[in-house]
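Here's the structure, in structure tokens; my notes come after.
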Amino acid sequence: MKALIAGGAGFIGSHLCARLLDEGHDVVCVDNFLTGDERNIAPLRAQPRFTFVRHDVIAPLDDPRAQDVDVIFQLASPASPVGYWNFPFETIRVNTEGTMRLLELAERAGARFLMASTSEAYGDPLVHPQREDYWGNVNPIGPRACYDESKRLGETITIEFQRRRGVDARIVRIFNTYGPNSQLDDGRMIPNFITQALRNQPISIHGAGEQTRSICYVDDLVDGLMRAMFTLGTTGEVYNLGNPDEETVQTWAELIIKLCDSTSSLAFEARREDDPERRKPDITKACDVLGWRPLVTPEAGLTRTITWFRAEMERSKAWVTANAR
């Protein structure tokens with residue numbers, strides 16, 4: 001099977017490319033490196049079944065290598081606060097125009113389509129935990145709106161292509177995911193906490209630290225994406241993918257300090273505007289329909305991630321030192 005992954009050089013996309021290759025599929029990775037990283041796919045480029053196309057998906061994808069695909073994963077979007085605050089218009093366009101371009105390609109090719117949406121579609125939720133039939137509580141003009149609302153509109157575009165034009169499409173809403181291949185300056189909770197802990201710096205907590213998050217290791221998330229794409233009967237459906245084990249932000253910070261063997265303290269700062277108070281997925285639907293649930297414990301996943309971050313930080317430091325001479 002030939003799979004196209006838009007945003008394939010990103011954090012989640014690169015892991016998905018590797019998983020598809022491991023299962024014997026041909027992979028076309030499409031990325032413009034706005035927030036993706038060429039190093040994430042460097043180990044894959046020697047494989048004969050891997051093809052890289054540098055392209056911004058808001059423009060028509062006419063490259064012959066990206067045609068006649070069987071499945072399309074739309075993961076092309078900045079996903080961290082740093083990413084979408086730096087590139088708000090690019091974020092809006094890739095989640096709307098880019099999604100439409102890829103759906104048009106899916107229609108022409110007769111391909112299955114999966115849109116990677118986000119738990120941010122629920123905003124600061126008034127319902128807990130969040131189920132797929134909850135419509136959310138989103139500020140359309142807030143600092144996160146370029147990401148939240150463009151993802152919500154991307155969902156609308158996806159479902160209209162499924163209803164009116166017969167595209168075999170489905171939507172997943174991804175909750176907080178962590179693991180190797182993240183950006184060091186990602187701006188999200190786990191990368192921030194790990195980099196600060198490894199440097200023995202104070203851990204920055206926005207607010208009182210009592211807001212909750214549930215975190216999912218990237219291998220589990222990729223398994224969920226695969227199941228949502230390839231399980232029969234998923235056309236037109238929406239699935240939450242995330243780990244329902246909910247803890248306070250302060251608890252996650254303290255665990256990371258422990259796992260890093262760090263001397264970091266906690267530094268409480270002003271709460272970010274529109275920062276959700278509670279975030280926890282109801283994954284009953286994914287469990288029942290996809291047979292999916294996260295298997296990697298936070299301690300195991302964080303240990304693997306810390307090992308990768310430590311090596312990446314050493315590499316970055318060595319690069320800076322070498323280029324400063």
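The values are calculated or read from the model by the stated rules, or taken from the named source; none is laboratory data. This one's a predicted model, so the numbers in the text were calculated from it and none came from an experiment. Virtual Cβ from ideal backbone geometry, glycine too; neighbours counted across all protein chains shown.
For Asn200, the conditions (1) out of contact with any Gly (no Cβ under 6 Å at 6 or more places or on another chain); (2) at pLDDT 95 or above; (3) buried (at least 18 other Cβ atoms within 10 Å of the Cβ) all hold with the exception of (3).
Condition check ((1) part of a loop (DSSP other than H, G, I, E, B); (2) within 27 Å of Leu302 (Cβ to Cβ); (3) among the aliphatic types (A, V, I, L, M)) across all residues:
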{"residue": "Lys151", "(1), (2), (3)": "no, yes, no"}
{"residue": "Ile159", "(1), (2), (3)": "no, no, yes"}
{"residue": "Arg163", "(1), (2), (3)": "no, no, no"}
{"residue": "Ala197", "(1), (2), (3)": "no, yes, yes"}
{"residue": "Gln201", "(1), (2), (3)": "yes, yes, no"}
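Here Glu312, Glu277 are screened, and the one residue that is at negative phi, of a type in the set (Asp, Glu) and not in a loop (DSSP other than H, G, I, E, B) is Glu312.
Among the residues of region 280-296, those that are touching a residue at least 40 places away in the same chain (Cβ under 8 Å) and either assigned to a helix (DSSP H, G or I) or buried (at least 18 other Cβ atoms within 10 Å of the Cβ) (or both) comprise Lys280, Pro281, Asp282, Ile283, Thr284, Lys285, Ala286, Val289, Leu290, Trp292, Pro294, Val296. Return a yes/no flag: does region 246-267 have any residue that is modelled with pLDDT under 95, part of a loop (DSSP other than H, G, I, E, B) and closer than 27 Å to Ile171 by Cβ. No: zero hits. Could you count how many residues in region 256-273 are surrounded by fewer than 16 Cβ atoms within 10 Å (Cβ to Cβ) and touching a strand residue (DSSP E or B) at 6+ places or on another chain (Cβ under 8 Å)? Number of matching residues: 8.
A Cβ distance below 6 Å, combined with a sequence gap of six or more or placement on separate chains, defines the contacts here; from region 132-155, residues that are β-branched (Val, Ile, Thr) reach residues that are not in a loop (DSSP other than H, G, I, E, B) in the pairs Val138/Gly123; Val138/Asp148. Among the criteria (1) within 29 Å of Leu184 (Cβ to Cβ); (2) in contact with a helix residue (DSSP H, G or I) (Cβ under 8 Å, 6 or more places away or on another chain); (3) in a helix (DSSP H, G or I), the one Val82 does not fulfil is (2).
For Glu299, only one of the following conditions fails: (1) outside any helix (DSSP H, G or I); (2) surrounded by fewer than 17 Cβ atoms within 10 Å (Cβ to Cβ). What is its number? Unmet condition: (1).
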